[in-house]
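The values are calculated or read from the model by the stated rules, or taken from the named source; none is laboratory data. Just so it is clear, the model here is predicted, and its values are computed rather than measured. Every residue, glycine among them, receives a Cβ derived from its backbone with ideal geometry; neighbour counts consider all protein chains shown. Keep in mind that these areas ignore ligands, DNA and RNA; they rest on the heavy atoms of the full protein, side chains included. Shrake-Rupley method; radii C 1.70, N 1.55, O 1.52, S 1.80 Å.
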Amino acid sequence: MTEQPDTPELDSEQQKLADRRQLLRMGAAGLPMVLTLKASAQQVLISQLQCAFVLPRRVRILVNCNGAAWVGNRRLRYRNGQGWNVADIKAFKENADYVFPSGTVPSSYRPTACPEVVCDADDDNGGDDNDIGSGNGSNALSELDALLNSPMPSNAAEIASFAAGNRRSKDDDDDDDDCDPEWQDNGYARYTISRNTEIKPSDYLGNNGGWNPSGSKGLYIILSLSYANSYGNAGSWPGISCVVSILNYLGS
Amino acid sequence: MPTAEQGVESAQAVIEWTADPESWMSEEFNDTHLVFFKPSAETHFLNFLSFGALELVGSSPATNVTLWHALLSKFALSEQDLPLSLVETVVQQLDEAGLISPVSLDAQNS
């Protein structure tokens, strides 16, 4: 028997070599030799969770013992042994860009004691001033969860005054006129975040999808979540769109 | 006297490239290779030449020139078919994709 030459296979090999030579000519002409799939599931995950934002200016956050917070940029003088400058506290609160009601800030960020001399009124927060003792931070996360799961406040007095320029009224009867001491001991904690600080919210996400805030930037995230809980993507809170995009991804 | 550009070119020429064969999984479809790169979780389409370069570099570190010669031999191509400049382009694209990396100086000195 005569063995037939395997011409079809030879043709196939020749065709393959010809195709490869053609491909090489195209490669020499600029055809990419490596293509990467950019629209993978991994990419989607990264784009939604990896957003970051930069604070356009310095942020100071003043927190009282009830967990209310004022966000602004004014000075807040503090003297060891004497405490906070009352006029600074008053001016900061009156001119704050954003105000958050009592209970917003977890106890781990609150001052360890309420003021011994009450020179300002926190009653305008609608909070129960006396039911929170010294914070030890042990229940910060559960408080945060409760905050995020709570319905939007219905009482106008409880709603944080978010809009820039929406200053508190000068005549809001906060008893400051009776405040004699120039310096007030305890009662407030101050956090400062420098201008141009980059905050990446996903840094504060735990493995289970919950939030794990820490430090000043973690406090900013907490306030951002509170803002988003009430106002979503609206307004001018720096970084809110980034935080909301993550919340949307998490299905919150 | 060599120019700075020539110096860079000569430095590029002696760089050895390496790859970890354990870092990818691949499947061939009609002389095209679908490569899933585990470290980045990205998927790449490689043609026969770029995949051949990846395999060769993965089996043994190689410079552009040694890789060029190995590819000519592997695919039975002539220098006209496969100029060195195209191999350099492939290496650059594989590097940009993170599939290969230069051998570290520490590794070279050890």
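How large is the accessible surface of A:I199 in square angstrom, using a 1.4 angstrom probe and rounding to the nearest 10? Number for this one is 0 Å². Contact-buried residues of the stretch B:67-95, at a threshold of 30 Å² lost accessible area versus the chain by itself: B:F75, B:L77, B:D81, B:L86, B:Q93 (1.4 Å probe; DNA, RNA and ligands ignored).
How big is the B-A contact in terms of buried accessible area, both chains counted, 1.4 Å probe, rounded to the nearest 100 Å²? Let's see the in-between values first.
Working: alone 6870 and 14550 Å², together 19650 Å².
Buried surface at the B/A interface: approximately 1800 Å².
Amide H contacts for A:T36 (H built 1.01 Å from N in the peptide plane; partners 5 or more residues away or on another chain; cut-off under 5 Å): B:F45. Counting Cβ atoms of other protein chains within 10 Å of each residue's Cβ and taking the mean over peptide A:86-98 gives 0.
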